[in-house]
Structures are given as structure tokens and as C-alpha cells.
């Protein structure tokens, strides 16, 4: 088991990143619903299934699948979907009832602490054996697998292969920062001749700065955690900033090889994604949630990792994460547990059922699940299959996330206006000392 798996981050900052969690993240604002006894007749099989669903946007699909399974298997299946923003309170309430959920969500390390004792160890179960990766599973401090990721999102550098080829480059040869830098700087130097530039503008307005204060910052957090996993089992009180130079590598590459000078990025307004989709730039930093929009204009678009000059990054994968993880209730009968696991296995192995779910979720990390249409998630799967390491979402550890990011964005804006060593030191202070300060404010 990878050490990174037991340190899945508390997703305290996820609410700020509505763009980054739209496709496979938290609640979407749908109202709750309840399928009740799906078959309309008394179950002829032992055990029952009650799934307390976390994702309102897939409720209709789940109700249909529950009925299909119940009708064909004779098993009582109930799906209830918590209202937007109310999953924790709904779970607390439902767990106190005579027939509590048999299947629920434990989506981050904070939830493991709260609900881990209510979950069986999935290690060695039929559903665990169906998993294609261990990267999204959560473990408690005793090494028990208390929940299993059933979908995920990813982010990285989205590339337009056609423009790269027109510039004389080859994406297949880019497996590290040096090759990416050489290509990007060459494209930028010939932008007038080529008719396009290298990177989409790194706008720092509120609609875009989360990419650089959150997602890009994950470069340092992930590699710090990779070097010292024990220190990152929960939010560390301090960080070292050892990989801040690597963050700077990619930040500088993006800001200095775009159609907008760094000094004009603070106020935003340059519509980075549209510039990419219109073929005005070859690269942009974004995530899998943009795939439908991007693919409508650039069907061949692909996603490559955050190359930043770290040793061994030729084996880097995409930044991938989730808070959508299944847990099976340890407080219900063994019959209910077995019935629930059988239902889970059916969801990820039945061709029709998994196809319906994948259509909603984009991708499911299970061996026999149908492949989805989201090319960026398929890129992540391809890298996983090549034994590339997943970059966990350790940016979700950021303490007092609003204040921490605001200070970092301010420092980055100062640096963008004048990219000198003194101003970069201000970024370092906001990044490293800012973490310690905000941790103290949050934890005393």
C-alpha cells in the first residue's frame, strides 16, 4: 500500500473551488430524494441495501439503477440523496435510525476520524478486488481500508497536439520540465509567426487565481508529503517550501510565455479557457471538468502532468483526487453488508450499470467498469496503467484556506509586476510562513 493513501487530505478548501469540484466533487444543490423499496414487493433475498448518496447530480441515475437491481435480484434497495451541503447532518440523523444506511461516504481524513468506526475494513472484499488503483482509497490509523474511491477528477496541463505539431514539437517527447520549457519558450518567441502563443494567461482574478494559489501550489505540498509522508497524515503545522523552486519553475514558464505580460494579470479578464479553445495558445492549466467544453472545439486535446523539474518526474501522473468514497456500515448485519457489497460489485462490473454511472461520473477506478468519454480522465488512467505516480490533492490541507490564498495571491501579484528576487521572497513568506500563521489561527 502506498504511504500516501493514509494521508488523504481534509477537503476544507473544496468549497472554494466550485470549478474544480463540479464534475465529480461535492454537492451540487439538488434536492434529496428517496426511492424506498424499489421492487414494489417484499424482497426474496437476504439482506438489504440503503445507499445514502453524496452526489445530488446522479440521483436520477441511481434511482433507476436501484430499481433495475432490485427487480432482477429480489433485493431491497433504497437510495436517499442528501440535500446540497447537508450530507454530514443527514448522515448523523440517518445513522440513528433503526435501519441506517448500509452504504455511505467517507470522503476525507477528517471523515475517517469521525466515521471510521462505523465502516468495515474493505480489504480483501469483492469490491476491493475490483479496484484498478489504491490511490483513492482511505485508511484509518490502524491500516483498515474504511472507504474506497468510486470516481475522481484530475488536473494538469491541457495541450493542443495540433498546435504543438505546427510548432515543430512532439508531445510524446515531453516527459519533463526541460523539454516543456524548451518548447514553450520557442513557441512564445515565434508567436507572431505561428499565429498562437504557448500558455493561456495566468489570470489572477477571483475566477482564476485558485489555479495558482491552490492547484499549482500542490507541486510543493505533494512532493513535501512524498518525501515525508508521516508529517502529512493530517494537516502539518508547518511546511518547508523545499519544492517551492519547482512551483516557481512552472509558474514563471506559464506567466512569461503567454500573450499577456505578467504585469497585466492581476485584474484578469483575458478569458484563458476561451483563448485555448479558440486555438490562440497551445497549453493551459485546467482540469477534467473542462473536457466537454474543450473537446467540442479541440477533440484531440490531451492532458500532461505538472512538469516542474523534480527528479524522476518522467514517472509523474496527473493531479487526481476525490471525496467520493464508498464505506460499508459496520453497525448493520452481516447479511446487509454482504448484500451491499454485492450491489457495489454489480454497479462497477455490469456493462449497462457501469456505463450509466460512468456517463455521469466521467471515470470509475475499477477493472471491469466501462471506459468513459472524458479524455482527460482517460489520460490519467493511461498514466496510471504505465505505473506513473498520482499526485494527490494535498492542496486541500491548506489551513484557513481563504486567508492563506488571499495572501499568496497578493504576493504573486506583486511578483508579477516586477519579477525580482526580493518580490519572490515575498511569495516564499506568504507560502511558508503564511501556512504556519494560518495553522496557528485555525488550531491555536
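Conditions (1) closer than 30 Å to residue 73 by Cα; (2) buried (at least 19 other Cβ atoms within 10 Å of the Cβ), marked per residue:
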{"residue": "340", "(1), (2)": "yes, yes"}
{"residue": "345", "(1), (2)": "yes, no"}
{"residue": "352", "(1), (2)": "yes, no"}
{"residue": "355", "(1), (2)": "yes, no"}
{"residue": "370", "(1), (2)": "yes, yes"}
{"residue": "373", "(1), (2)": "yes, no"}
{"residue": "381", "(1), (2)": "no, yes"}
{"residue": "386", "(1), (2)": "no, no"}
{"residue": "397", "(1), (2)": "no, yes"}
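Test residue 389 against the stated conditions and say whether it is at negative phi and in contact with a strand residue (DSSP E or B) (Cβ under 8 Å, 6 or more places away or on another chain). In short, yes.
When residue 257 is tested against (1) surrounded by fewer than 17 Cβ atoms within 10 Å (Cβ to Cβ); (2) touching a helix residue (DSSP H, G or I) at 6+ places or on another chain (Cβ under 9 Å), exactly one condition is not met: (1).
Whether any residue in the range 371-384 is part of a loop (DSSP other than H, G, I, E, B), outside the structural domain of residue 438 (by TED's automatic domain parsing) and over 27 Å from residue 293 (Cα atoms) is what I want to check. No; the residues of the range 371-384 include none that is part of a loop (DSSP other than H, G, I, E, B), outside the structural domain of residue 438 (by TED's automatic domain parsing) and over 27 Å from residue 293 (Cα atoms). Give me the pairs: first residue in the range 174-198 and in the same structural domain as residue 219 (by TED's automatic domain parsing), second residue in a helix (DSSP H, G or I) and surrounded by fewer than 17 Cβ atoms within 10 Å (Cβ to Cβ), beta-carbon distance under 7 Å, and six or more apart or on different chains, which are they? Hits for this filter: 175/314; 176/314; 179/173; 194/166.
Conditions (1) under 30 Å from residue 128 (Cβ atoms); (2) touching a residue at least 12 places away in the same chain (Cβ under 8 Å); (3) within 24 Å of the chain's Cα centre (by Cα), marked per residue:
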residue: 345; (1), (2), (3): yes, yes, yes
residue: 361; (1), (2), (3): yes, yes, yes
residue: 375; (1), (2), (3): yes, yes, yes
residue: 391; (1), (2), (3): yes, yes, yes
residue: 403; (1), (2), (3): no, yes, yes
residue: 425; (1), (2), (3): no, no, no
residue: 431; (1), (2), (3): no, yes, yes
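Here the range 84-103 is the region considered, the condition is being touching a helix residue (DSSP H, G or I) at 6+ places or on another chain (Cβ under 7 Å) and assigned to a loop (DSSP other than H, G, I, E, B), and the residue that is surrounded by the fewest Cβ atoms within 10 Å (Cβ to Cβ) is 84.
What helices (runs of 4 or more DSSP H), lying completely within the range 109-184, carry at least 2 residues that are more than 30 Å from residue 346 (Cβ to Cβ)? Answer list for the range 109-184: 109-115, 161-166.
The values are calculated or read from the model by the stated rules, or taken from the named source; none is laboratory data. All of these numbers come straight from a predicted model, not from anything done at the bench. Backbone-built Cβ (ideal geometry, glycine too); neighbour counts: all protein chains shown.
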